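To start, the structure itself, in structure tokens.
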Amino acid sequence: MKHLSSGDLLRAQIVNKTSAGMSAKQFIDKGQLVPDDVMVKLIINELNKFKGESWMLDGFPRTVPQAKALYNEKPVDLVINLNVPFEVIIDRIKGRWTHAPSGRIYHTEFNPPKVVGKDDVTGETLTQRDDDKEETVKKRLQIYQNQTEPVLQFYRQHEILTEFTGKYSNEIWPKVYEFLSTKSEPLQYTQYS
């Protein structure tokens with residue numbers, strides 16, 4: 001199954017300094033969501049590369065207009081929502097540090113570097129992306145609550161939403177795996193967390 005993370009896609013566009021990436025960066029740096037038209041175009045362009053293959057979207061769509069555009073262009077078979085308390089999400093994200101040149105990601109608790117603040121391979125200083133800082137994460141979660149909750153309702157109406165609740169991957173993943181094991185391929189779906 002092909003995995004497409006909207007966050008990874010946006011970061012790649014920013015690193016490659018594409019026009020879409022530079023446009024998106026202005027919003028991301030302020031803790032805002034990227035406009036619907038930019039996101040839809042990026043995602044649909046990527047999905048067009050996955051002809052005949054199963055795929056999973058991670059973090060898209062975030063708004064009802066995005067959900068409707070996706071539903072019209074590339075209908076999904078199912079939607080998974082991972083209900084994780086906001087305080088858990090904030091703690092996980094604020095501990096993330098990156099070696100910008102390579103893209104290696106560390107976490108102060110789950111995957112700490114051998115030397116605090118330094119990349120294991122090069123010894124260079126790690127940085128924290130603006131979108132990983134606690135203040136930015138809190139803003140984005142508030143936006144999520146306001147804009148994405150209606151998306152879940154959209155998918156409930158289409159009867160393709162399944163929800164899983166928990167705090168940790170090892171608590172939620174077995175349930176998701178068991179559920180997905182009952183589905184046939186090719187499968188197109190999106191996941192929220």
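The values are calculated or read from the model by the stated rules, or taken from the named source; none is laboratory data. Since this is a predicted model, take the numbers as computed values, not measurements. Cβ: placed from backbone, ideal geometry, glycine included. Neighbour counts: every protein chain shown. Protein only, heavy atoms only, side chains kept; ligands, DNA and RNA dropped before computing areas. Shrake-Rupley method; radii C 1.70, N 1.55, O 1.52, S 1.80 Å.
Scanning the stretch 65-122 for residues that are surrounded by 14 or more Cβ atoms within 10 Å (Cβ to Cβ), basic (Lys, Arg) and assigned to a loop (DSSP other than H, G, I, E, B) returns a single hit, 74.
Among the residues examined, residue 62 does not qualify as closer than 25 Å to residue 179 by Cβ, in a helix (DSSP H, G or I) and charged (D, E, K, R).
A quick yes/no check of all residues on (1) of a type in the set (Lys, Arg); (2) loosely packed, with under 14 Cβ neighbours inside 10 Å:
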| residue | (1), (2) |
| --- | --- |
| 6 | no, no |
| 9 | no, no |
| 14 | no, no |
| 21 | no, no |
| 26 | no, yes |
| 35 | no, no |
| 48 | no, yes |
| 51 | yes, yes |
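Per-residue answers, yes or no, for (1) in contact with a Ser or Thr (Cβ under 8 Å, 6 or more places away or on another chain); (2) farther than 20 Å from residue 25 by Cβ; (3) modelled with pLDDT under 85; (4) not in a loop (DSSP other than H, G, I, E, B):
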residue: 136; (1), (2), (3), (4): no, no, no, yes
residue: 140; (1), (2), (3), (4): no, no, yes, yes
residue: 151; (1), (2), (3), (4): yes, yes, no, yes
residue: 156; (1), (2), (3), (4): no, yes, no, yes
residue: 159; (1), (2), (3), (4): no, yes, no, no
residue: 163; (1), (2), (3), (4): no, yes, no, yes
residue: 167; (1), (2), (3), (4): no, yes, no, no
residue: 171; (1), (2), (3), (4): no, yes, no, yes
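Against the numbered list (1) farther than 21 Å from residue 76 by Cα; (2) under 15 Å from the mean Cα position of the chain (by Cα), residue 22 comes up short only at (2). For the stretch 34-44, the condition of being within 26 Å of residue 106 (Cβ to Cβ) and at pLDDT below 90 holds for at least one residue.
With respect to (1) within 20 Å of residue 147 (Cα to Cα); (2) assigned by the TED database to the domain that holds residue 145, the lone exception for residue 94 is condition (1). Applying the criterion of being aromatic (Phe, Trp, Tyr) and within 24 Å of residue 92 (Cα to Cα) to the residues of the stretch 147-172, the residue that is least open to solvent (accessible area, probe 1.4 Å) is 164.
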